[in-house]
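A short reminder: the numbers here are calculations on the coordinates, not readings from a lab. Since the structure is predicted, the reported quantities are computational estimates derived from the model, not experimental observations. Cβ atoms come from the backbone with ideal geometry, glycine included; neighbour counts cover every protein chain shown.
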Amino acid sequence: MRRAALATGAVLVLALPWAVPRYFVFLASLIVVNSIVAIGLNLLSGYTNQLSFGHAGFLAIGAYAGALLTIHAPALPAPAALLAAGLVTAAVGLALGIPCLRLEGLYLAMATLAFGFVVVEAILNLDWITRGNDGLRVPAAHVGPIALASDTARYYLTVAVAALLILAALNIARTRTGRALLAVRESEIAAQASGVHLAAYKTLAFVLSAFYTGVAGGLFALVVGFLSPDSFDVFLSVDFVAMIIVGGLGSVPGSVLGAAVITTLNDSLAGFQNYRPLIFGAILIVSMLFMPGGIASALRKLSVVGTAGRPRPGPPTAII
Amino acid sequence: MAIRAPFLLLLALVLATATPASAQSPGVSDKEIVIGSSNSFSGPLAFTGEQITKFGVDLYLKVVNEAGGIHGRTIRTIYYDDGYRPQDAVANTKKLVEQDKIFAVIIPQGSPPVVATLDYLEENKVPLLFPYQSSPVTRRKRYVFQGMTLSDRSSKMMIDYLAGPRKLKKFAALYQDDEYGKSFLTAFEKDLGRFGLKLVAAESVKRGVTDVSAQIAKLQAARPEVTFLVLVPGPAAQALIERQKIGWTDTLMVSTGPLTDERYLALAGDAAEGVEGLSLWPDPLLSDLPGVKLYREHMQKYFPKNEPNRYSIAGYFAGMLFAEGAKRAGRNLTRESLIAALESIKGYESGILPPITISTDHETQKQGFWVRVEKGRFKPLTDWLKSE
C-alpha cells in the first residue's frame with residue numbers, strides 16, 4: 001500500500017514535465033529547491049527545537065558558491081559544484097554554530113537574523129567577485145555531456161538531488177548520530193546523562209542544516225539563473241520558517257508539503273500586487289490557528305480516520 | 001477535511017489558470033492584445049511601480065480602449081509584484097510569457113529585476129518595451145526598446161552643459177553603490193576627460209542607507225564647484241539637509257535624471273532651494289505642453305484622487321508609444337511586425353517630449369533639460385538638451 005503510493009508519487013514527479021505547461025516545470029523546480037531548504041531547516045528545528053531566521057544567508061552562500069564555480073570552473077559537472085556549495089555552506093554553518101548554539105531560543109533567532117544581514121553585506125562588499133548589487137548571471141551548467149539549458153533538464157537535476165537528500169534525511173534516525181540527535185530532541189538533560197555531547201550534536205545539526213541549504217542554494221542559482229543580494233532578504237528566511245511551521249515541525253514529508261504550499265501561495269498571490277503581504281500573512285495566521293501541527297499532522301489525523309474504515313469524529317486538531 | 005480544503009482549492013486554482021494556446025501571435029486574439037510586466041508593488045519602489053503601471057500605462061490604455069482600441073482590439077494588462085527581488089521577477093516574467101501568453105513586456109522597473117529577465121526574454125523573442133531603469137545593459141538587444149534616457153546620455157548632457165556654457169571645472173559625485181550609480185560614475189569620468197577634467201572626489205552610498213553625513217564631510221573637504229547626486233530620493237534629500245546643516249554653500253548640487261522628481265523635492269524641503277538638475281520629463285503639474293495637459297485631463301477623468309507625477313506620466317508615455325507601434329503594425333500584429341513598426345517611428349509628436357525618433361538603436365528617449373529649484377518647484381533653465 002505504502003510502496004504503491006510511493007511508486008505512484010515517483011511516476012507523477014518524473015512525468016510532470018511532460019504533463020504540465022512549461023511554467024509549472026519552473027515552479028516545480030522552485031518547490032523542490034525550497035523543499036530541500038525546509039528539510040534542512042527542519043533538521044535543525046526538529047532536532048534541537050531552535051528556529052533560525054538566517055537560512056536565506058545560507059542559501060545565498062550556497063547560491064554564490066555554486067554560481068561562481070559554474071562561471072569560473074565550467075569543466076566541473078553540476079553535481080560536483082553542488083556538493084562544493086553544500087560543503088562551503090556547511091563550513092560557514094560550523095563557524096557560526098559553535099558560538100551561536102550556546103544561545104537559547106530568542107537569542108539564537110536574533111543571532112541568525114543578524115547572520116542573514118551580514119551575508120548580504122558581505123556579498124555587497126565582495127563585489128569584485130560577486131558583482132555586488134549589479135547581480136550575477138549564472139550560465140547553464142552541465143552534467144556529463146548534457147547541458148542544463150532547459151527548465152526540464154534543471155527540474156530533473158533538482159529532483160534527483162532532492163531524492164538523495166530526502167532519503168538521507170529519512171534514514172538519519174537509524175544511525176548512531178541520528179539516535180543521539182533524537183535523544184537530544186526528547187530531553188537534553190537525559191541525553192547528556194547518557195553520554196551524548198550536547199554542544200557537539202547541536203552543532204552537527206546546525207552544520208547538516210547548513211549543508212542542505214547550501215546545496216539548495218546551488219540549485220537555486222541554476223534554476224533562477226540570476227543572483228543578486230536583493231534575492232536573499234529577511235523575508236525569504238521568514239518564508240522558510242513558515243514552510244516548516246505550515247508543513248509540520250520535525251517532519252520530512254511536512255517540509256516538502258510546506259515548501260509546496262508556501263511557494264505556490266507566493267506565486268499565485270503575485271497578481272494581488274500590494275495586497276500580497278496582507279493576504280499571505282492572513283493565510284499563515286489562519287493555518288497556524290487551525291493546524292498547529294502543520295499539514296503533516298493534519299494529514300496523519302485524517303489517515304487515522306480513513307484507515308479505521310468507518311466514519312468517526314477525528315481527534316481534536318487544535319488545543320488552544 | 002475542511003481544514004486543508006482552502007489549500008487544495010488554491011492549488012487547484014493555480015493549476016486551472018492555464019490558458020489555451022491561441023493560433024495567432026501569443027497575446028493577440030481577434031478582440032484583444034495582452035501585455036504586462038513584473039513590477040514593484042511592495043518593497044522600496046512600490047510607489048513608483050504602482051504609478052507607472054496602474055496610473056500610467058493603464059491610464060493611456062483606458063483612453064485607447066474607450067475609443068475602440070487598436071484595429072478593433074482592446075488592450076488588457078497583467079502585472080505581478082516582484083518587490084524588487086530578481087528571482088521573483090524571473091518567476092513572474094516566465095509566468096507572464098508561458099502561462100498568460102502576453103504579447104510583450106511593458107515598463108518593468110529597476111536594474112536588477114530587469115537584468116535578471118533580459119536573456120530569457122531575448123531567447124524567447126518577447127519584446128521588452130521601455131524598461132524603467134537607466135543602466136546601458138539593455139543596449140543592442142534585438143527585442144528590447146529602452147525607455148528612460150540611459151545614464152551615459154544623461155552624463156553627456158550634464159557635463160556638456162556644466163563644463164561648456166556654465167564653465168565649471170571642479171566636479172565631485174555622491175553615488176549609489178550599484179549599477180545605477182556606477183554606470184553614471186563611469187560616464188562622468190569619460191565625459192569630463194573630453195574637457196581635460198576629472199572628478200576631484202567620489203563618495204559612495206550603500207543602497208538602503210540614509211545617513212550620508214560622513215560622505216558629505218569628505219566631499220566638502222575636496223572643495224568641488226559641482227557635486228552630482230546619483231542617488232534615490234531618500235538619501236539624496238538627506239544629503240541636501242546635511243549640507244544645509246553644516247553650512248556648505250560653495251558647491252552646486254546637481255541631481256541626475258532619474259532623481260529629479262517631486263518626491264525628492266518634497267523630502268528635502270527648503271534645503272532643496274537653488275539645487276539644479278537634469279529633468280527627463282516636463283513638470284507634470286504645471287507644464288502647458290498639449291500632451292501634458294491632456295495627461296492631466298485623463299488623470300482627472302479616470303483617477304481624480306491620484307495627483308499627477310512623473311512616474312505616471314512615464315507610464316502614460318510608454319502606453320502611448322506601444323499604442324503607436326501597434327497601430328503602425330496594422331491588423332496583422334506579430335512580435336516581429338511590432339518591432340519593425342517601432343523602428344519606423346520618426347519625428348513622432350507626443351506633445352510631452354520633443355519629437356521621438358526610434359531607429360535601430362531602440363532608444364526611445366535621448367534628451368533632458370536643465371532645471372533649478374525655485375520656491376519648491378523645478379524651473380526650466382534651458383530648452384531640451386541633446387545627447388547625440
**Q.** Contact order normalised by residue count of the range A:23-233, Cα under 8 Å, 6+ apart, percent
**A.** 45 percent
Q. Between the range B:60-99 and the range B:139-203, how many Å separate their Cα centres?
A. 33 Å
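Hey, what number do you get for chain A at 222 nm if only DSSP H runs of n ≥ 4 count, each worth -39500 (n - 2.57), divided across all residues, to the nearest 500?
Roughly -24500 deg cm²/dmol at 222 nm, from the helical runs in chain A.
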(Q) Which one, A:LEU227, A:THR48, A:ALA169, is farthest towards the positive end of the dipole of the range A:23-233 when Lys and Arg carry +1 and Asp and Glu -1 on their Cβ? (A) A:ALA169
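For the range A:151-251, calculate the relative contact order in percent as a whole number, restricting contacts to Cα pairs under 8 Å that are 6 or more residues apart. If you can, show how the numbers build up before the last one.
On the way: 28 pairs, mean separation 22.9, N = 101.
Relative contact order comes out at 23 percent.
To the nearest whole number, what is the average tally of beta carbon atoms from other chains within 10 Å of the beta carbons of peptide A:291-299? Please list the in-between numbers first.
Working: counts 3, 0, 0, 0, 3, 0, 0, 4, 2.
Mean partner-chain Cβ count within 10 Å for A:291-299: 1.
Which whole number gives the average count of other chain Cβ atoms within 10 Å of the Cβ atoms across peptide B:78-86?
Details: counts 1, 3, 7, 10, 2, 8, 3, 7, 10.
For peptide B:78-86, the averaged partner shielding equals 6.
Using mean Cβ contacts within 10 Å as the protection proxy, how do B:324-337, B:77-90 order, highest first?
Working: B:324-337: 17.0, B:77-90: 25.0.
Listed from highest to lowest mean packing, they are B:77-90, B:324-337.
Might you report the magnitude of the Cβ-based charge dipole of the range B:61-114 about its Cα centre, with Lys and Arg at +1 and Asp and Glu at -1, to the nearest 20 debye?
160 debye
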Q: Please express the Cα-Cα pair-distance distribution P(r) of the range A:1-79 as a list of whole percents, one per 10 Å bin, running from 0 to the bin with the greatest distance.
A: 15, 28, 35, 21, 1
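Please compare each pair in B:LYS125/B:LYS327; B:LYS62/B:LYS293; B:LYS198/B:LYS218; B:LYS125/B:LYS190 to a cut-off of 22 Å on the Cα-Cα distance and tell me which ones are over it.
B:LYS125/B:LYS190
For A:LEU249, A:LEU106, what ranking results if the residue with the fewest other Cβ atoms within 10 Å of its Cβ goes first? The partial results should precede the final answer.
On the way: A:LEU249 20, A:LEU106 9.
The order, fewest Cβ neighbours first, is A:LEU106, A:LEU249.
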Q | Antiparallel %, DSSP beta bridges [both residues in the protein assembly as shown], to 5 | A | 35 percent
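Kindly provide the helix-only [θ] at 222 nm of chain B, computed as the sum of -39,500 (n - 2.57) over DSSP H runs of four or more divided by all residues, to the nearest 500 deg cm²/dmol? Each step should come with its number before you reach the end.
Values: 13 runs with 151 residues, N = 388.
So the helix-based figure for chain B works out to -12000 deg cm²/dmol.
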Q) At what distance in nm do the modelled label points of B:LYS62 and A:THR175 sit from each other, each positioned 7 Å from its Cα along Cα→Cβ? A) 6.2 nm
Q: Choose one of A:ILE123, A:HIS142, B:GLN244: the residue whose Cα lies farthest towards the positive end of the charge dipole of the protein assembly as shown (beta-carbon charges +1 Lys, Arg; -1 Asp, Glu; about the Cα centre).
A: A:HIS142
Q.
I'm checking a number: the convex hull volume of the Cα atoms of the protein assembly as shown, normalised per residue, in Å³. What is it?
A. 187 Å³
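R0 = 56 Å: FRET efficiency of B:TRP248 with A:ARG3, Cβ-based, nearest 0.05?
On the way: r = 77 Å, r/R0 = 1.37.
Efficiency, from the Cβ-Cβ distance: 0.15.
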Q) Of all the Cα-Cα pairs you can form in chain A, what percent are over 37 Å apart? A) 15 percent
Q: Run the quick spin-label model on B:LYS170 and A:ALA282: label points 7 Å from Cα toward the beta carbon, then report their separation in nm to one decimal.
A: 5.9 nm
